[in-house]
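Engineer: One structure, as structure tokens, below. Some questions next.
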Amino acid sequence: MYGVVMIDMVYFVIDDWFFIFFLFSVLTYVFYLFAKTDSDVNMSSKKPYACGLSIDPYDEKVPSPSFYKTMVSVFHMGAIKKMHKDDLSTYLLWMFFGVVFVSVYLLIFNF
Amino acid sequence: MAYLNLIVPVLLAAVFLITITSGRHRHYHLSIALSGVIFSALFLLFDLPRLISDKIIVYYQLGWRPPLGISFAVDFLNYTVLLLIIFVAIASLFISRTEIREGKREFYALFMLLLLGLSGATMTGDIFNLFVFFEILSIASYALVSYTGRKKAISASIKYLIMGSFSTSLILLGIVFVYGSLGTLNMADIASKVALSSTTATIVGFGFLISGFMFKAAIAPFHAWKPSVIRHTPVSLGLMFTASGTIIGLYTIFRLVVTVGNLNLSGMLIALSFLTMILGAVLALQTTDIKKLLAYSAISQTGYVLLGIGLSGYVGAVYHMVNLVIIDVLLFVVAYVVIKHFGTSNLDKMGGLGVGNPFLFVSALVGVLALSGFPMTNGFSSKLLIYLAGIEVFPIATFVAMLVSVLTLAYSFKMFHLIFFSNRKGAGVVEIDDTLKIILIIVVVLCVVLGVFQGYFTGVMGIISGSGLDRELYIKAVLGLV
């Protein structure tokens, strides 16, 4: 049985391993290119902007924290964040409701 | 003679040795701790042939048989959990090698006490003994959280202690109810009596027990302690709390709900899994602290395991539990290396590591892809099984789980982007310790292998989950009826 499994595994590697490796390599390379272009910013070069204005290369890109803050504001997640402000009484209240929920569910569906 | 029975004494001996002895070498205490963990791993391996032949190993403490005596019962399910805990402990100890600089004696003594609690709780077949081991690990955890002595760490530790005491009180209360109604503390004995003799008190008792263990696994709405605790502890401890703490909680819930209680909790588990998955992912998306992000991520992924149990997709649940640990180890090691390099855990202050760090780049990429459930990684294999279970039982669950996968992709790539991309020039080359490099290679290979050979590992996970589902064998073996 183990022999058959081993043979299957070897065939799988021979058949599909190249494809998997190739796909992962392409993906890694694409990410690497992104990382490289994102990191290698030449501060001294000032490129002309569309309307003739000069702009700092850093300012051409949206800073990633701003991007994710926008995403957070779009989804209105502030309320959930407010409930996670390290307030012990809030956490204990949640736990209490959790215990009630679990116990009531058990009593209704298991008795 | 069961070698597994030697794990708790060996770990206890390590605690004593660390406490009472001192050596000149700077890694003296770490060496004792590592020796204890490696001995435990060897004991596990020595007992594997016996486990394969007997399917369950039962050891009666001092020869006293249940229901009066205390027994250790290890089947494939808790064997795997114990193996994972030891694996996480080894990774955590290697991280601590360069991370912990002061108070090593106290740190490693408490660390080994935590591991002792985790190991004992995994192996025991008695609910009161389970409570005792959980208390040991909880007390060690409270002390470890405040170990750094920083004001915020102490504050987090006190909050954790209060919430933890609430949960352990629930567990104790649950034990009182179950013992009062069934007259036994042995898990197999409870399992044999629960169908015939359960009363309202038994059900309420199980409710309290499950609630208490949900706190340990950080399942919503019992999850709030985890991010603040992880944020204020060293990364090595964060990994231990996140990975080992989660799996011990999940294992105990699995054991209580499926093997012991045989309870119908599908609706409740699915509802709580939705809450856990969504809350974890949404909060991970918002946070800018890498440790908190990983803690929320672990909460969200715990929801997947719970969903698998709720949908009766036990193979997928166990598969994801294993993957969760592997991915946690990978991402926490990356987080440690990155935090050490930048001197902060704030993601907004990181960036630009994409150039000059190919090893770290590829490792983190594999971790992020695995976490997001990218095909050919282990995360995909287990999530696929959970999705398929959902399609058969409750298709809305699959839809929600896939939606959370999209959120997972968003927050994991947010982390990846902020570390490796961003507009930061001259972030430099990150130094990675050789031992951490080896751990990274092992977990990266595991992520890929468990993803590529999905068919083979689904069979293995089927054996492991099947072991936890076999109530009859468990009852007969522990009560000595076979």
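The values are calculated or read from the model by the stated rules, or taken from the named source; none is laboratory data. In this text, all values refer to a predicted model and were calculated from it rather than measured experimentally. Note that we place each Cβ from the backbone using ideal geometry, even for glycine, and neighbour counts take in every protein chain shown. Note: areas computed on protein heavy atoms with side chains; ligands, DNA, RNA excluded. Shrake-Rupley method; radii C 1.70, N 1.55, O 1.52, S 1.80 Å.
Engineer: With the condition being within 12 Å of chain A (Cβ to nearest Cβ), I'd like the helices (runs of 4 or more DSSP H) fully within the stretch B:321-435 carrying at least 2 qualifying residues.
Structural biologist: B:358-372, B:395-420
Engineer: Could you list all residues from the stretch B:182-195 that are within 14 Å of chain A (Cβ to nearest Cβ) and open to solvent by 30 Å² or more (accessible area, probe 1.4 Å)?
Structural biologist: B:Ala195 - this is the single residue of the stretch B:182-195 that is within 14 Å of chain A (Cβ to nearest Cβ) and open to solvent by 30 Å² or more (accessible area, probe 1.4 Å).
Engineer: If you don't mind, another one. Please tell me if B:Glu102 is over 20 Å from B:Ile171 (Cα atoms), without any contact (Cβ under 8 Å) to a residue 24 or more places away in the chain and surrounded by fewer than 20 Cβ atoms within 10 Å (Cβ to Cβ).
Structural biologist: The answer is yes for B:Glu102.
Engineer: Can you pull out the residues in the stretch B:451-465 that are without any contact (Cβ under 8 Å) to a residue 40 or more places away in the chain and part of a helix (DSSP H, G or I)?
Structural biologist: The answer is B:Gly455, B:Tyr456, B:Gly459, B:Val460.
Engineer: Out of B:Ser273, B:Ser236, I need the residue that is more than 11 Å from chain A (Cβ to nearest Cβ) and touching a Leu at 6+ places or on another chain (Cβ under 6 Å). Which one?
Structural biologist: Sole residue among the options that is more than 11 Å from chain A (Cβ to nearest Cβ) and touching a Leu at 6+ places or on another chain (Cβ under 6 Å): B:Ser273.
Engineer: Give B:Ala121, B:Ala109, B:Ala89, B:Ala73 a once-over and let me know the one that is more than 24 Å from B:Val443 (Cα to Cα), within 14 Å of the chain's Cα centre (by Cα) and buried (at least 19 other Cβ atoms within 10 Å of the Cβ).
Structural biologist: One residue alone meets the criteria, B:Ala121.
Engineer: Within the stretch B:200-269, which helices (runs of 4 or more DSSP H) (wholly inside it) include 2 or more residues that are closer than 22 Å to A:Leu92 by Cα and at pLDDT below 95?
Structural biologist: Qualifying helices (runs of 4 or more DSSP H): B:200-217, B:225-231, B:245-254.
Engineer: Pick from the stretch B:154-175 the residues that are open to solvent by less than 20 Å² (accessible area, probe 1.4 Å), among the hydrophobic types (A, V, I, L, M, F, W, C) and within 25 Å of B:Leu185 (Cβ to Cβ): which of them is farthest from the other protein chains (Cβ to nearest Cβ)?
Structural biologist: B:Ile175
Engineer: Residue by residue through the stretch B:304-323, note down the ones that are open to solvent by 10 Å² or more (accessible area, probe 1.4 Å) and under 18 Å from B:Met240 (Cα atoms).
Structural biologist: B:Met321, B:Val322 - these are the residues of the stretch B:304-323 that are open to solvent by 10 Å² or more (accessible area, probe 1.4 Å) and under 18 Å from B:Met240 (Cα atoms).
Engineer: Go through the stretch B:58-73 and give me each residue that's at pLDDT 90 or above and either among the β-branched types (Val, Ile, Thr) or part of a loop (DSSP other than H, G, I, E, B) (or both).
Structural biologist: The one that is at pLDDT 90 or above and either among the β-branched types (Val, Ile, Thr) or part of a loop (DSSP other than H, G, I, E, B) (or both): B:Val58.
Engineer: Given the stretch B:1-57, what helices (runs of 4 or more DSSP H) lie entirely inside it while holding 1 or more residues that are farther than 15 Å from B:Phe111 by Cα, open to solvent by less than 30 Å² (accessible area, probe 1.4 Å) and at pLDDT below 90?
Structural biologist: Per the criteria, no element qualifies.
Engineer: What are the residues in the stretch B:132-153 that are open to solvent by 10 Å² or more (accessible area, probe 1.4 Å) and within 23 Å of B:Leu115 (Cβ to Cβ), if any?
Structural biologist: Across the stretch B:132-153, the qualifying residues are B:Val132, B:Phe133, B:Glu135, B:Ile136, B:Leu137, B:Ile139, B:Tyr142, B:Ala143, B:Ser146, B:Tyr147, B:Thr148, B:Gly149.
Engineer: Another question, then. Go over the candidates B:Phe213, B:Phe222, B:Phe206 one by one and state the one that is open to solvent by less than 10 Å² (accessible area, probe 1.4 Å) and more than 8 Å from chain A (Cβ to nearest Cβ).
Structural biologist: Of B:Phe213, B:Phe222, B:Phe206, the one residue that is open to solvent by less than 10 Å² (accessible area, probe 1.4 Å) and more than 8 Å from chain A (Cβ to nearest Cβ) is B:Phe213.
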